[in-house]
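Trainee: What follows is a structure written as structure tokens; I'll ask about it next.
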Amino acid sequence: MTKTCSTPCGSCRGCTMSTEFAETVPKAGGIPLAVMGNGGCGKIVRIAGKTEQRRYLSDLGLVAGTDVSVLNTVSGNLLLEVKGTRIAMDRSMASRIFVVPGVC
């Protein structure tokens with residue numbers, strides 16, 4: 001029995017990522033989202049961490065191929081914009097998200 005995920009993220013075992021979606025995801029390692037400054041934007045290329053953490057971020061809309069912008073950083077916390085929605089995140093969680101800067 002093969003277990004598949006509900007969103008085509010490409011980062012979990014048994015993922016059903018289509019070849020069309022796979023071609024839009026850059027093949028680079030990227031940099032952690034936590035090191036981007038205010039106003040920085042990029043395309044998510046990879047999500048690191050345990051399965052539960054990746055699933056949580058996926059439920060928030062943070063999957064490979066998605067554009068993300070850093071709106072503000074305040075005492076280690078980041079305010080992000082993803083798909084028109086603002087999300088607050090601490091630096092440790094943002095360090096698990098790898099992006100290619102300037103690709104948005």
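Taken together, the values in this text are just the output of simple stated rules run on the coordinates, not laboratory data. Source: prediction; values computed, not measured. Reconstructed Cβ throughout: ideal geometry from the backbone, glycine too, with neighbour counts over all protein chains shown.
Trainee: Kindly state, to the nearest 0.05, the FRET efficiency for Cys104 paired with Ser75, given R0 = 30 Å and r defined as their beta-carbon distance. Mind showing how you got there, number by number?
Mentor: Values: r = 25 Å, r/R0 = 0.85.
Step by step, r from the Cβ atoms, then E = 0.75.
Trainee: Using the Karplus curve 6.51 cos²θ - 1.76 cosθ + 1.60 with θ = phi - 60°, work out ³J(HN,Hα) for each residue of segment 30-46 in order, rounded to whole Hz, and write x for Gly and Pro.
Mentor: x, 10, x, 4, 5, 8, 6, x, 4, x, x, 9, x, 10, 5, 10, 6
Trainee: If contacts are Cα pairs under 8 angstrom and at least 6 residues apart, what is the relative contact order of segment 19-101 in percent? Before the final figure, lay out the partial values.
Mentor: On the way: 159 pairs, mean separation 33.7, N = 83.
Normalised by residue count, the contact order of segment 19-101 is 41 percent.
Trainee: While we're looking at this one, here's another question. Enumerate the amide H contacts of Leu71 below 5 Å, restricted to partners 5 or more residues apart or on another chain; note that Pro and chain-start residues carry no placed amide H.
Mentor: Distant-sequence amide H within range of Leu71: Gly39, Leu79, Leu80, Glu81.
Trainee: Between segment 67-101 and segment 46-62, how many Å separate their Cα centres?
Mentor: 13
Trainee: Whole-Hz Karplus ³J(HN,Hα) for segment 55-67, in order, using 6.51 cos²θ - 1.76 cosθ + 1.60 and θ = phi - 60°, x for Gly and Pro?
Mentor: For segment 55-67, the Karplus-derived couplings read 5, 4, 5, 5, 5, 7, x, 8, 10, 4, x, 8, 7 Hz, x marking Gly and Pro.
Trainee: Here's another thing I want to ask about it. What spacing in nm lies between the two simple spin-label points modelled at Asp59 and Ala88, each 7 Å away from Cα in the Cβ direction?
Mentor: 1.9
Trainee: Compute the Rg to Rh ratio over segment 19-101 from the alpha carbon atoms, using the Kirkwood formula for Rh, and round to two decimal places.
Mentor: Working: Rg = 11.8 Å, Rh = 12.6 Å.
The Rg/Rh ratio comes out at 0.94.
Trainee: Still on this structure, I have one more. List the residues whose amide H sits under 5 Å from the amide H of Arg46, counting only those 5 or more places along or on another chain, with H placed 1.01 Å from N in the peptide plane.
Mentor: Phe98
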